[in-house]
Structure formats: structure tokens, C-alpha cells
Amino acid sequence: MTLFLNALGMICPLGHTHDDIRGRLFDARSGVLPDPTRCAADGAPLALGAVTLDDAALPCDAALPLRDRSRNNRLALQALSQIRDQVDAAMTRFGAHRIGIVLGTSTSGIAEGEAAFRKRQHSGAFPEGFHYGQQELGSPAAALAATLGVMGPAHVHSSACSSSGKAMAAAARLINMGLCDAVLCGGVDTLCDFTIAGFTALESVSAARCNPLSQNRCGINIGEGAALFLMSREPATVALAGWGESSDAHHISAPDPSGGGALRAMRGALARAGLSPDQIDYINLHGTATPQNDAMESKAVHALFGAAVPVSSTKPFTGHTLGAASAIEAGLCWLAMQDANGDGLLPPHLWDGVADPALPVLDIVAPGRALGHPPRAILSNSFAFGGSNVSLLLTRQDR
């Protein structure tokens, strides 16, 4: 039976309501901006994708155990607040023991740990509000389960950039196995020094807004956000029709340059959905703007689709939200497939327009491009460190 994405709660650098996020996306207004508090090696402010909602306006986490209090979990609570009524209604219909939670993250409460260790370095003691468990990767699922009173399976995937896409695939398996009737799934990640410094050390960070597919591309922008879907068998406008997962087993950080793992993931998603490449209306690229990722992904997409399908990367809008990236980008696709996008506007590709002649030619979406109807089938890619790959295939119910 078909699995549907009944509701979406999302906060990201484009906003924290569907209208704001959709409006900025289709108006080609990026949420990646210079942050004067964090600088590149040359002293210039780094471009980062920070959420626009002030921390004081995020939901309070005082009701949670200390180990689950973090800004990361407050972002998750903000996304939950947008769909709380739908989640509560599902719990009433199915029972708390039939609702699961599967999330992806890569940071969890690392920012709280950073602040606590800075305090300890200067004062000799950790601050009273710190608990080592805040940094545990399972904390976001525990926090949402405690908030909702959910009694079904609750766990977190952490496989870098594919985390929340793999969480959505895992959620689908819980329903298909009969263990859950509905699952709250997606991902959350927050800005912290750990990830910014780590990617900077790998020489993978761009000080300016990232430039996917360009000859001048030079790295990613780190971003943050949360996206939560309520998944069930109850009909809705958008379905998770397919997903494909693969592992390159090639290198600890670099992708397999042949694109073989990416191809297996995309083909797996198409096969599970029962669709052919010519039935896809749009592809949301992983599109990090690193030299190796863009080269690999371009090769893989061209091998399967040629230049026949419109493509874009939305990371110049949000930054790379790491463990939340798959879910946030699926969320942007979900918004594009709703009736509110009657003209069928496609997420545009923000770049300098200087194509890299070493890359295969793809059909890159310019701002304002529209299909004339909401997209009927979208493929969204996420390709992570260690060659952990996932492709999600979303379809409209009326296709």
C-alpha cells in the first residue's frame, strides 16, 4: 500500500511557515547570509544558513529532562508545533503505542557541549544547565517522544548528509512491517563550531554563498533547520512512492567518482515506485558545490536521465543542513507539489551561471521556470560521507 506524507512542519533559513518558505524559494531569495560572528581563515564573515526565528521565540524545553534540553531539540519542537494537531489526532486514532519517531541528526546538542567545555576551561566547572546526554545523537527522538507521549519505536539515524532521508526510509519500513500505523519522521541539525571547523579543516567551506555545478564552485555553506513529516497510509496529496539506499564503500569522506553508488540509489527509488526516468518532473540534487560531489552526481544523473529532466540544488537557499538536509529538501519538494503551487514553479538553481565544461550537461532550472501544474514526481538525492547514499521519490496522489 502507498505511504503518504500527511503533514509537514519545517523551520529553515527560508522561514518557519509554509508560505514564507515557499515564497522565498520561488522568489529566488536565499537564506544564506554572512555571519559576522564566524569568520573564514582570511577574516571574512562566513556565509551560513541560519534560521531567522529568534531563539527566544522557539518553544520552551523546560518540561524535558535536562539531558534533552538543547537548541537542536527546540528547533525540532518548533517544527512539531506546526503539525501537533495532526500528530495528536493520529495518536487518538491509532493509539500512542502505534506511533513511531525516526529522525536524522549529526549535531544533536553539540553546541551545548561546546559552551559547557568553554565554561569549564575558564571556571574549572561545567555550568549547572549542562548534561552530557544533551550531546547524545538519540536525544531528538527522546525529546519528541517525551513531549508527545509516544510509546512506539523512537530512534535516530546519524549517517551525515543522508541521515534524515534514511530516517524516512526507516519510517516507511516500520509501517510496512506492521509495527506502526504512523511515524513522525525527518531530521534536525543546528549550527555549531564543531561542524563549521570540521568542514573548514577539510577545505570544503565556501566563504561566500555556495555555487553548485559552477566552474567556480569551491565548497559548501553550513546551515541549520528541522523538517518533520507525519507519515501514514491515510491518503494525502503527496506520497513517498519510493526510496533507494546504497553504500559506496569507497572513502571515508570522498564519494565514488564513478557515481556508481548514486546510480544504485536513484535506480532503487525508481524501481520501488514503479516509475521510469522519463516520468520524473524534477530532480533535487544533493548539489553541495564541492568539486568531487558535483562531478560525481552530474555524471550519475546524466547517465540515468540525460539532460531531459529539470534539476537544481536548493543548498544555496538553506546551506547544507547536514543531518537534516534530506528531510528539509524533501520538504521543499513537498511544498512544490501542493495545490498552492498551481503554476508548478520549480525550485530554482542559484549560481553564477558559469558552467563547468568538465561536467555533463544537465537541464538546470532558472528562476521562474514552471511546469504549468504542480510536479507529479520528484526525485531528491542525498549523498553523504562514507558513501552513504539515499534517494527519495515523491509523487502526487492525482498522478
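Bear in mind that the values in this text are calculations on the coordinates, not laboratory data. What you see is a predicted model, and the numbers here were worked out from it, not measured in a lab. Here the Cβ positions follow ideal geometry from the backbone for every residue, glycine too, while neighbour counts run over all protein chains shown.
Neighbour counts of other Cβ atoms within 10 Å put H131, H155 in the fewest-to-most order H155, H131. Residues considered: H286, H250, H302. Largest GNM mean-square fluctuation over the chain, using C-alpha springs under 10 Å, is found at H250. Taking a straight Cα-Cα cut-off under 25 Å and skipping sequence neighbours fewer than 8 places away in the same chain, the lysines within cross-link reach of K315 are K166, K299.
Rounded to whole Å, the principal axis extents of the Cα atoms in the range 345-399 read 38, 31, 17, largest first.
Among the helices of the chain, those built from whole DSSP H runs whose Cα atoms reach 15 Å or more along their own axis and whose mean Kyte-Doolittle hydropathy is at least 0.0 are 163-176, 260-273, 325-336.
Expressed as a whole percent, the proportion of Cα-Cα pairs in the chain lying more than 26 Å apart is 48%.
PRE reach from S247 (point 7 Å along Cα→Cβ): which of the range 264-293 fall under 20 Å by backbone N? Those under the cut-off are 264-269. Taking 0.36 nm per residue of separation and subtracting the current Cα-Cα distance, fully stretching the chain between Y132 and D193 would add 20.2 nm.
Just want the ordering: E245, E224, from fewest to most Cβ atoms lying within 10 Å of their own Cβ. In increasing order of surrounding Cβ atoms, one gets E245, E224. Centre-to-centre separation between the Cα atoms of the range 25-66 and those of the range 237-256: 27 Å. Name all residues of the range 350-382 having a backbone nitrogen under 19 Å from the label point set 7 Å from the Cα of D398 along its Cα→Cβ direction, giving them as ranges. Within reach of a label on D398, which here means backbone N under 19 Å from a point 7 Å along Cα→Cβ, the range 350-382 contributes 370-378. Remark: relative contact order (the chain) = 23 percent; criterion is Cα-Cα distance under 8 angstrom and separation of 6 or more residues. Ordered by the number of other Cβ atoms lying within 10 Å of each residue's own Cβ, fewest first, L66, L379 fall into the sequence L66, L379. Of the residues H157, A336, A57, the one whose Cα sits farthest toward the positive end of the charge dipole of the range 4-396, with +1 on the Cβ of Lys and Arg and -1 on the Cβ of Asp and Glu, is H157.
Around the Cα centre of the range 228-295, unit charges on the Cβ atoms of Lys, Arg, Asp and Glu (plus for the first two, minus for the last two) sum to a dipole of about 180 debye.
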